[in-house]
Amino acid sequence: MSLPSTAPARLPGVVLVVAGLAALPLLAALGGAAAAPVIGDPGAFVRWALLYARVVQDLAAAATVGLLIHAAFLVPETTRTNRRITATRLAALAAGLWALAGIAGAVLEMADLIGVPLTDPSFGSQLATFAFSLEQTRVILIMAIAAAVVSIGALVARARSTMAWLALGSVLALLPLALTGHAAASGDHATAVNALAVHLVSVSVWVGGVLALAMTGASLGADLAPTASRFSVLAGWCYGAVAASGVLSAVLRLDGWNDLATRYGALVLVKTAALLVLGYAGWRHRRSLLPRLGRDGSTAAFVRLLVAELTVMGVAVGTAVALARSAPPAPDSPVRDATPAFSLTGYPAPPPLVGSSWATTWRTDWLWLSLALVAVGLYLAGVVKLRRRGDSWPVHRPILWVLGWAVFVYATCAAPGVYGAVLFSAHMVMHMVVAMLVPVLLVPAGPILLALRALPARRDKTWGPREVLLQLVHSRALRTLANPVVAAVLFFFSLAVFYYSPLFELALRTHTGHVLMILHFLATGYLFAWVLIGIDPGPKKWPPLMLLVILFATMSFHAFFGVVMTSSTTLLAPGFFEAIHLSWMTQPLKDQHEAGAIAWGIGEAPTLVLTLLVAVAWVRSDRAETRRTDRQADRDGDATLVAYNAHLAQLKQQSERRG
């Protein structure tokens, strides 16, 4: 079976690009994206070229991501095909175009920022001087460099693992763009950046996946149906993420329903309409076309709908570019107060911390709340799947999993997260909860074991979620990281390095630093708990006695860290805590001493729990070994004991003869 000759591989890409570029002038005029500014006009060429460069950049990025995911995880391969290499080489070309469009966009963005045309005699020197100084151009250039690295890697990649890493790298290369545009200047900066990051990644995976499927479908033959079915599941997740992040972004940009009547609101409605149309197309795919494709190999209607989807996607991308360059009705930087706390953290200073604050304070961090909800939802879905097929799963494990993520949400959205942005002591509470208490609850739930039992295995040797998990569980990297000494070193020394280096202040001042800090705390804490009490498959565990030695040694260093902090005379992150000027906190060094006491004290309870769990595992392993030995003795008539007694008797006879 092959795709009709009227749909050659190059047609989908042409349709997507033409739709995006053709719709851009009307959309830009509708939103005023290319309107001349009152002062500092760089000229019509720069204003319009910037829009077109961004459309090409976004479409090339989507094609790169989609083709690499297609090659690494979706498409089957046989000894007579070369599909993965073909898709990867196409991704290399797309990534190269992505990098070039990014560089062009950075140059045009600089001209737009300083308000001079490209032909201005001073433009070249200003570009060389300020390109990496201004955040708007710096993040675009970082993205372009990352895209160039992906392009080079995709040109030479032959192993599937390399393709998978390149797919991850291409997704990460998108993230710097979340720091630009309206998100960078939004009043709720953290939420705006998080929403835009999720939106960029989801759109790129979705649009790029459809494009990859259309471009390579002609070579798939009978494998087109399973490949399309797999992508349909991924597209469904992307659709939900695009819709949720889009709604959140619109809420931040619009003050109310009346703003939908503005130019910006009109573009939001156009993008919403495109999303609804694409949702209907996806529903058609799953309900009727994919079953027909797998049943009778009918591809004509499937290809027609793909081309229609790509047309709408092109219009949607053009709309997104016009939205990014159009002024929203709600001002980007509403001035709520002029306090140092607001300028440093992006949020008003919280009221004085009292006892009731630990139960009543709340500020939703949508990134961590969404992560927790997805993790809980997937885990419970796995449990339900096991139960429906008659398999058992201990009741305490889902309870621990839900409780662990509930504690995580509390630490990041309630008082520890809110006050942790301005107080060292509250920050340390958040750190200890995320790094020590949450992992002790999550690790015994056995999420990897559950996933391996619940996820289906793929018969055609492609890498689905289960196969990826198995690759990670048996990887050389995990064998190294799961060494208890390595895990302990990462857990403790990264703690010391973080607080006694500029990284601490960077995490307090920047949203990116804060997100990376939380992820690092959770990952190192989870790894340390996993090597001690984990029940998931993985590298061979050390004997319980050695694990207890590692645990006590690590906690001793941890207590020493707390003692040093409680007696320190030098304020950590002074540029932040001395500048924040909270009216109810006038002694930041004293608060730092309290943070040291918290680091020392809070670690005691999780340490006790870990000790008990390691001891319980020790007892259970001894019991299991005893039962194994007894069963062996029942099978062979206790041959080991008989042989041992015979050996003793032989030694006795030899001794008597010598005597």
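The values are calculated or read from the model by the stated rules, or taken from the named source; none is laboratory data. Every value quoted in this text rests on a predicted model; they were computed, and no experiment measured them. When we count neighbours, we look across all protein chains shown, and the Cβ atoms used for this are built from the backbone with ideal geometry, even at glycine. These accessible areas exclude ligands, DNA and RNA; they are computed on the full protein's heavy atoms, side chains included. Shrake-Rupley method; radii C 1.70, N 1.55, O 1.52, S 1.80 Å.
Could you give the length gained on full extension between Ala605 and Gln471, defined as 0.36 nm per residue of separation minus the Cα-Cα distance, in nm?
Numbers: separation 134, 0.36 × 134 = 48.24 nm, distance 3.45 nm.
Value of the extension gain: 44.8 nm.
Could you order peptides 56-65, 89-98 by the average number of other Cβ atoms within 10 Å of their residues, highest first? Write down the numbers at each step before the final one.
On the way: 56-65: 28.0, 89-98: 24.2.
Result, highest mean Cβ count within 10 Å first: 56-65, 89-98.
Quick one, which of (1) 16, 43, 32, 7, 2, 0; (2) 17, 52, 30, 1; (3) 19, 48, 27, 6, 0 is the actual P(r) over Cα pairs in 20 Å bins from 0, in percent calculated for this model?
(1)
Please work out how much length the chain gains when fully extended from Ala559 to Leu648, using 0.36 nm per residue of separation minus the C-alpha to C-alpha distance, in nm with one decimal. Please report the intermediate quantities before stating the final value.
Numbers: separation 89, 0.36 × 89 = 32.04 nm, distance 5.12 nm.
Taking 0.36 nm per residue and subtracting the Cα distance, the gain is 26.9 nm.
May I ask for the Rg/Rh ratio of region 503-601, computed from Cα atoms with Rh as the Kirkwood radius, given to two decimals? Each step should come with its number before you reach the end.
Details: Rg = 17.5 Å, Rh = 16.1 Å.
With Rg and the Kirkwood Rh in hand, the quotient comes to 1.09.
Multiply the residue gap between Thr79 and Ser655 by 0.36 nm, knock off their C-alpha separation, and tell me the result in nm, one decimal place. Display every interim value, and only then the final one.
Numbers: separation 576, 0.36 × 576 = 207.36 nm, distance 6.82 nm.
That works out to 200.5 nm of additional length.
Counting only protein heavy atoms and a 1.4 Å probe, tell me what percentage of the chain's accessible area is made up of carbon and sulfur. Mind showing how you got there, number by number?
Working: 21090 of 31080 Å².
Summing carbon and sulfur atoms, their accessible area is 68 percent of the total for the chain.
Using 1/(1 + (r/R0)^6) with R0 = 41 angstrom and r between the beta carbons of Ala243 and Asp120, what's the FRET efficiency to the nearest 0.05?
On the way: r = 43 Å, r/R0 = 1.05.
E(calc), rounded to 0.05, equals 0.45.
Sticking to Cα atoms, compute the Rg of region 160-283 to one decimal and its Dmax as the biggest Cα-Cα distance, whole number, in Å.
That works out to 16.8, 52 Å for Rg and Dmax.
Do you know the relative contact order of the chain, to the nearest whole percent, from alpha carbon pairs under 8 angstrom that are 6+ apart?
Numbers: 874 pairs, mean separation 91.8, N = 659.
Relative CO of the chain lands at 14 percent.
Roughly how big is region 61-198's charge dipole about its Cα centre, with Cβ charges of +1 (Lys, Arg) and -1 (Asp, Glu), in debye to the nearest 20? Can you show the working numbers first?
Details: 7 positive and 6 negative charges, 186 e Å.
The dipole of region 61-198 has a size of about 900 debye.
Over region 26-169, what per residue volume does the convex hull of the Cα atoms give, in whole Å³? Could you put the intermediate results ahead of the total?
Values: hull volume 17.8 nm³, N = 144.
Once divided by residue count, the hull of region 26-169 is 124 Å³.
How do Trp618, Trp283, Trp257 stack up against each other in accessible area, from largest to smallest, with a 1.4 angstrom probe? Can you show the working numbers first?
On the way: Trp618 90, Trp283 130, Trp257 220 Å².
Sorted by accessible area, descending: Trp257, Trp283, Trp618.
Once you charge only the Cβ atoms, +1 for Lys and Arg and -1 for Asp and Glu, what is the size of the charge dipole of the chain about its Cα centre, to the nearest 20 debye?
Values: 48 positive and 32 negative charges, 570 e Å.
Computed charge dipole of the chain: roughly 2740 debye.
Viscosity 1.306 mPa s, temperature 10 °C: give me the Stokes-Einstein translational D for region 491-551 in µm²/s, with Rh taken as the Kirkwood radius over C-alpha pairs. Write out the running numbers ahead of the final one.
Numbers: Rh = 13.3 Å.
The estimated diffusion coefficient comes to 119 µm²/s.
Would you mind getting the accessible area per residue of the chain, heavy atoms of the protein chains only, 1.4 Å probe, in Å²? Walk me through the numbers on the way to the answer.
Values: 31080 Å² over 659 residues.
It amounts to 47 Å² per residue over the chain.
Using only Cα atoms, tell me the angle between helix 366-388 and the longest principal axis of the chain; keep it within 0 to 90° and round to the nearest 10.
60 degrees
Could you work out the longest stretch of the chain that avoids the GluC sites (Glu not before Pro) located in DSSP loops with at most 16 other Cβ atoms within 10 Å?
On the way: sites that count: Glu77, Glu578.
In short, 78-577.
Checking a compactness column here: for region 112-180, what do you get for Rg(Cα) / (2.2 N^0.38 Å), N being the number of residues? Kindly include the intermediate steps, with their values, before the conclusion.
Details: Rg = 16.0 Å, N = 69, 2.2 N^0.38 = 11.0 Å.
Taking N as the residue count of region 112-180, the ratio is 1.45.
Quick one: dipole size for region 515-614, taken about the Cα centre, charges +1 on Lys/Arg Cβ and -1 on Asp/Glu Cβ, in debye to the nearest 20.
On the way: 3 positive and 5 negative charges, 64 e Å.
So the dipole magnitude of region 515-614 works out to roughly 300 debye.
Rounded, prolate or oblate for region 95-216? Axes are the square roots of the Cα gyration tensor eigenvalues, ordered a ≥ b ≥ c, and the cut-off for rounded is a/c under 1.5. Numbers along the way, then the final one.
Details: a/c = 2.35, a/b = 1.47, b/c = 1.60.
It comes out oblate by the Cα gyration axes.
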